[in-house]
Every structure is written in structure tokens, then in C-alpha cells.
Amino acid sequence: MTYPALRATRPAGRGRLTHAEHDLFRAAVVFAGAGVDSVLKQAVRSCIPIQVEKSDGAREKYIDFAAAYLQNQGTLNARQVAKLLVTNEPEQTLRAAYVDSLTGSSLQSQSQVTATLAALGLAEQRELFKDARGLNPLFKARNEIAHEMDMTPSAVKGRGKRTRHERAMSTYVAMCHTGLDYCQRVLNALADEL
């Protein structure tokens, strides 16, 4: 159901968001957070093979990964080296491990986003690094919704009238737009690089 359709079912046309309306916007926040995660991971899968060849910054991050991958507590891990040497395509194996390391966990923090930008060779895109801070409200709300059911501290203690976080509709909309617009900017920057 869309927000206008849900809003039309209310007896009064104005007032605070209902529980159902908050839940609709909470779903939008979760999906926007998942969109950021999905877009950045797909960018890594698609562009890392190209960028490690074209971008000095991306190549340096890849070399840093390879060095760490071949070590165990600061010394060369002979078993890891042997695994690479006995495969038919060591470079492909190493790149697959690199992509897996970048996409294996959820991208739901500013530091994960900026690490992804660096891996993609976008270090010169200073505005993207700076503006990654703007994703923090989306990530915070997404985590509260997905992991804590958006419960308030008073709800956890069993006191208080409000048991779940309530946000203004404009706050929900701004968080979602910020996340999706940021993804578009990253894709545009990658398109310019490629």
C-alpha cells in the first residue's frame, strides 16, 4: 500500500502519523538502507576488476589486501601462498577473495562506505567521502528498525506511552532520498572513471 492510499483511509485528514503510516516509512528506510548496500556491493563486483588495472588508488588498496591475505600474524603464510600457486588462475582467485572481503558483510556504516569508495579508486572524489557522513541518520534509523524493532528505551523498561521511535514524515523521506541520491552520485563518479 502506498502512503497516499493509507492516508486516505484515515477519518481525519491531518494529524500525527498513525502506527501503520510509521511502519510504511520504516519499511522505506530499511529498503533504502538495503539499496545503498546493494548498489555499492554491485559496484564492487562490477568495477573492481577494471579499477585495479586503471586506478592507482584502487590498485594500492588491492595490493594492501593481497599482502594481508598472504600473511598470518605478520609472517608469510606459506599455506595461503601455496593455495594461490596451485590454482590455474591465481590472479582470479585473489581478486575473487578481494571482492568477497569487500562484499561479505552489510555496508551499513560511514566507514564501510568510505572503504568501498577507496577500493573503487574514488579517492579523488572528496565530496563523496565528505558526504558519506550524511548517510549516518539513515544507517542509524535502519539499524534501530531492523535490529531493535524501533523500540524506545522507555519501551524496553516497560514505561512510557511511546514504545517505538516516531519520526516526522520529512525525516523519513530525507533519509531515504539522501541514501538513494548518494548511490546515484557514486555510480556517476564510477561512470566518469571508467
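The values are calculated or read from the model by the stated rules, or taken from the named source; none is laboratory data. Just so it is clear, the model here is predicted, and its values are computed rather than measured. FYI the Cβ positions are ideal-geometry reconstructions off the backbone, even for glycines, and counts take in every protein chain you see. Areas reflect the complete protein model, heavy atoms only, side chains present, ligands, DNA and RNA absent. Shrake-Rupley method; radii C 1.70, N 1.55, O 1.52, S 1.80 Å.
Over the range 102-147, the ratio between the Cα radius of gyration and 2.2 N^0.38 Å evaluates to 1.20. Eigenvalues of the alpha-carbon gyration tensor of the range 60-135, scaled by 5 and square-rooted, set the equivalent ellipsoid semi-axes at 29, 12, 11 angstrom, largest first. Over all distinct Cα-Cα pairs of the range 74-114, the Kirkwood formula returns a hydrodynamic radius of 12.1 Å. Could you tell me which of Gly57, Gly33, Leu128 has its Cα farthest along the dipole of the range 25-161 towards the positive end, charges placed at Cβ (Lys, Arg +1; Asp, Glu -1), taken about the Cα centre? Farthest along the dipole direction, towards plus: Gly33.
Give me the angle, in degrees from 0 to 90, between the Cα long axis of helix 136-148 and the longest principal axis of the Cα atoms of the chain, rounded to the nearest 10. For 136-148 against the chain, the angle is about 80 degrees.
A 1.4 Å probe run over the protein chains yields, for the chain, 59 Å² of accessible area per residue, whole-number rounding. Among Leu84, Leu40, Leu128, the largest mean-square fluctuation in a Gaussian network model of the chain (Cα springs under 10 Å) belongs to Leu84.
Rounded to the nearest 20, the Cβ-based charge dipole of the chain about its Cα centre (Lys and Arg +1, Asp and Glu -1) stands at 1160 debye. Amide H to amide H, which residues 5 or more places from Gln71 or on other chains are under 5 Å from it, using H placed in the peptide plane? It is Asn77, by chain and number. Three semi-axes describe the equivalent ellipsoid of the range 1-155; taken as square roots of 5 times the Cα gyration tensor eigenvalues and ordered largest first, they are 43, 17, 14 Å.
Just the protein heavy atoms count here, and of the accessible area of the range 67-194 at 1.4 Å, carbon and sulfur take up 53 percent.
Across the options Gln92, Ala174, Val44, the greatest Cα extent toward the positive end of the charge dipole of the chain (unit charges at beta carbon of Lys, Arg, Asp, Glu) belongs to Ala174.
Cα to Cα, under 17 Å, and not fewer than 8 places away if on the same chain: which aspartates and glutamates meet these conditions relative to Lys140? Leaving aside aspartates and glutamates fewer than 8 places away in the same chain, those within reach of Lys140 are Asp23, Asp37, Asp131, Glu148, Asp150, Glu166.
Database remark: amide H of Leu17 closer than 5 angstrom to no amide H (H placed geometrically; neighbours at sequence offset of 5 or more, or on other chains; Pro and chain starts carry no H). Taking 17 Å as the straight-line reach from the Cα of Lys41, the aspartates and glutamates in range (excluding those fewer than 8 positions away in the same chain) are Asp100, Asp181. Residues whose amide H lies under 5 Å from that of Arg164, counting only those 5 or more places away or on a different chain, are Thr152; hydrogens are built 1.01 Å from N in the peptide plane.
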